[in-house]
Structure formats: C-alpha cells, structure tokens
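Down below is the structure, laid out as structure tokens.
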Amino acid sequence: MTVAHINALELLGKQVSFVYKQDEHSFDCEGLITDVVFSISGESQISLNDGDFYCLSDLQRLEIVN
C-alpha cells in the first residue's frame with residue numbers, strides 16, 4: 001500500500017519501506033516506525049527500530065508493509 005496523504009502520527013507502529021535519498025546516494029530502508037517527531041518548523045521525522053531519524057519530506061516511495 002503506497003502512503004499518499006497520511007498523517008505522520010498514523011505511521012507510528014507500522015512496518016514500512018521507503019527510499020531515502022541523501023545527496024547523490026539512495027538507500028532502501030525497511031523497518032518498524034518506533035518514533036515520530038513533530039517540530040515547530042513543520043518538518044516531521046520518523047525513526048525505524050529506535051535508530052536513525054528521517055525527515056518525511058526526504059522519503060520516496062513510502063509504503064506500509066504487511
């Protein structure tokens with residue numbers, strides 16, 4: 001299921017996969033969303049498996065995995 005217009009809080013506890021693009025490199029990521037961070041700047045972030053944080057605006061092909 002591709003995530004089009006979903007609230008970041010609704011992703012908490014979901015198993016997801018996405019492509020994270022940083023500069024010229026792309027990384028395939030998959031895991032359980034364990035943290036959701038909201039900031040006053042409007043940049044929501046998620047972390048996978050209590051690890052690294054990713055800005056939602058930097059993610060491509062975000063999908064909920066069953």
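The values are calculated or read from the model by the stated rules, or taken from the named source; none is laboratory data. Everything numeric in this text was worked out from a predicted model, so none of it was measured. We place every Cβ from the backbone using ideal geometry, glycine too, and count neighbours over all the protein chains shown. To get the accessible areas, we keep the full protein, side chains included, count just its heavy atoms, and leave off ligands, DNA and RNA. Shrake-Rupley method; radii C 1.70, N 1.55, O 1.52, S 1.80 Å.
Observations on the model:
- Using the Cβ-Cβ distance between Ser17 and Ser41 with R0 set to 35 Å, the FRET efficiency from 1/(1 + (r/R0)^6) comes to roughly 0.85.
- Cα gyration tensor shape of the chain, rounded if a/c is under 1.5, else prolate or oblate by comparing a/b with b/c: rounded
- Whole-number accessible area per residue in Å² for the chain, which is evaluated in the context of all protein chains at 1.4 Å: 69 Å²
- Protein accessible area in the chain, 1.4 Å probe - carbon and sulfur %: 46 percent
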